[in-house]
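The values are calculated or read from the model by the stated rules, or taken from the named source; none is laboratory data. What you are looking at is a predicted structure, and each value in this text was computed from that prediction instead of being measured. Note: ideal-geometry Cβ built from the backbone for every residue, glycine included; neighbour counts use all protein chains shown.
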Amino acid sequence: MNRRRFLALAAAGVAAGAATSFDSLAAAAAEAPLDAAAFNAARRFVRTAFGNIAYVERGAGAGALFLHGFPLNGFQWRGALPALARHRRCIAPDFMALGHTEVAAGQDVGPQAQAAMLIALLDALKIGSVDLIANDSGSQVAQLLVARHPGRVRTLLLTNGDSEIDSPPPALAPVIELSKAGRYCDEWLAPWRADPALARSPQGIGGLCYADPAHPTDEAIEAYFAPILATPARKALMHAYAISLERNPLLGIRPALRRSRVPTRIVWGTADTIFSADSPDHLERSFGASRGVRRLEGARLFWPEERPEVIVEEARRLWGVAG
C-alpha cells in the first residue's frame, strides 16, 4: 500500500465528515495506482531458459497476465493491477529487451520467442491458464499465445495494437530503420529521457501515443527508458526487438483465431494514429468467440496507462466478477 496515498484518503474522509471506515479507506488505498518506488520494490525475477524474467505480481487465485507495449514495460499496468488484484493473481512481466528482464546471451527477442518466454514464465510460476490483457505489440504476442497455446488462455482483452492486416504499422518504419543503424535509442529515447517536456510534445512519445498532454509523467519516462539506455548491450537488445517487428508474425493466424473459443473483448482508442482504424473490426471478425468492440473517443495508443479504470471495468465484465 502507498502510505502517502492512504493518509491522503484518510484526511479527505475526516475533512468531509464522512463516516468512512478504516477498512474502506484501506481498500481504496490498496487499489490506488502504484508509484515507481512501490512498483520497483515489488519486482521479482524468475529464472528461465530465456533469462531472468522481471515481473510484478499482485493478488492471488486464478492468473491474469498483462502484456505491455513498445517501448514500455510492466509499469504501464500500475493503475490496473491493484484494482484487479481482488479478483486475480495479476502478473505484469517485462518483455525481453524491455524493462528489467535480464536476457540470456544470444537469445532471440522476436514475437514468437516472447510468446514462448511467457509460457516458460507461467510454468515457472505454476500457473496453468490466464486471463490475458494486452496493448500495442503485446497484443501481437497475445494473439500468438491464443493461436498456439489455446489451453493457456481463459479470456482475452485486447486494446489498440497489431492485427494481421497491420503488423507492423507503417508508423513503425522509422523506428525499425533507425534500429538497423543502431541509432534509435540514442536519437529518440535518450533525448526524451533527458527532456521530459520534449517527450510530452507533439514530436515526442506523448504527442504520438497519449491523449493527455501531462503524459507520460516524468516518473514514467524514467521507468521506461532508464533500463533500455543503461548499457550498450541493453540498447542493442532494444534495436534487435524493433528489427524483429519488421516481419509480420500474424500472417495466416486468422483460421486459428476463428477456431478459438476464448472469449475476446476489444477496446479501441479512436484517436490512435499508429494503428489502422480498420484493425478493431478486423480483430472482431477474426475471433471465434468475440465479445464485440468498444470504442473510446479521443483515446490514443497507450490509453490503458491513462485510463486504467476502463481496463478494470472491462476485465471485470469479461471475467464475470462484481466490482
| query | Quick one: how many residues across segment 46-82 are in contact with a Lys or Arg (Cβ under 9 Å, 6 or more places away or on another chain) and farther than 16 Å from LEU121 by Cα? | reply | 6
| request: Filter segment 218-275 down to residues that are aromatic (Phe, Trp, Tyr) and outside any helix (DSSP H, G or I) and give me whichever is surrounded by the most Cβ atoms within 10 Å (Cβ to Cβ). | output: PHE275
| query | Residue check: is ALA85 within 17 Å of the chain's Cα centre (by Cα) and buried (at least 23 other Cβ atoms within 10 Å of the Cβ)? | reply | no
| query | Which members of segment 108-122 meet the condition of being surrounded by fewer than 18 Cβ atoms within 10 Å (Cβ to Cβ) and free of Cβ contacts under 8 Å to residues at least 60 places away in the same chain? | reply | ILE119
| request: Any chance you could count how many residues in segment 270-301 are among the aromatic types (Phe, Trp, Tyr) and closer than 17 Å to GLY69 by Cα? | output: 1
| field | Out of GLY69, GLY106, GLY99, sole residue that is assigned to a loop (DSSP other than H, G, I, E, B), on the phi > 0 side of the Ramachandran plot and touching a strand residue (DSSP E or B) at 6+ places or on another chain (Cβ under 9 Å) | value | GLY99
| said: Name the residue that is nearest to THR155 (Cα to Cα), counting only residues in segment 287-313 that are more than 13 Å from the chain's Cα centre (by Cα) and crowded, with 22+ Cβ neighbours inside 10 Å. | reply: PHE287
| note | Here the qualifying pairs (Cβ atoms under 9 Å; residues six or more apart or on different chains; first in segment 277-296 and touching a residue at least 60 places away in the same chain (Cβ under 8 Å) and in a loop (DSSP other than H, G, I, E, B); second surrounded by 15 or more Cβ atoms within 10 Å (Cβ to Cβ) and among the aliphatic types (A, V, I, L, M)) come out as ASP278/ILE165; PHE287/VAL146; PHE287/LEU156; PHE287/LEU158; PHE287/LEU257; PHE287/VAL262; PHE287/ILE266
| request: Residue by residue through segment 122-166, note down the ones that are among the charged types (D, E, K, R) and over 19 Å from ALA271 (Cα atoms). | output: ASP123, LYS126, ASP131, ARG148, ARG152, ARG154, GLU164
| field | Options GLY63, GLY79, GLY59: the member that is in contact with a helix residue (DSSP H, G or I) (Cβ under 8 Å, 6 or more places away or on another chain) and within 22 Å of GLU222 (Cβ to Cβ) | value | GLY79
| Residue check, THR20 at pLDDT 95 or above and either surrounded by fewer than 16 Cβ atoms within 10 Å (Cβ to Cβ) or over 22 Å from LEU156 (Cα atoms) (or both) | no
| field | Of all residues in segment 72-86 being in contact (Cβ under 8 Å) with a residue 60 or more places away in the chain and part of a helix (DSSP H, G or I), the one that is farthest from VAL312 (Cα to Cα) | value | PHE75
| said: For the list (1) over 15 Å from the mean Cα position of the chain (by Cα); (2) surrounded by 17 or more Cβ atoms within 10 Å (Cβ to Cβ); (3) aliphatic (A, V, I, L, M), I need the number of the one condition that LEU132 fails. | reply: (1)
| Failed condition for ALA12, given (1) in a helix (DSSP H, G or I); (2) more than 19 Å from the chain's Cα centre (by Cα); (3) modelled with pLDDT of 95 or more | (3)
| field | Among the candidates ARG44, ARG89, residue that is in contact with a strand residue (DSSP E or B) (Cβ under 7 Å, 6 or more places away or on another chain), farther than 24 Å from THR155 by Cα and without any contact (Cβ under 8 Å) to a residue 40 or more places away in the chain | value | ARG44
| From the residues in segment 185-215 that are of a type in the set (A, V, I, L, M) and assigned to a helix (DSSP H, G or I), which one is surrounded by the most Cβ atoms within 10 Å (Cβ to Cβ)? | ALA199
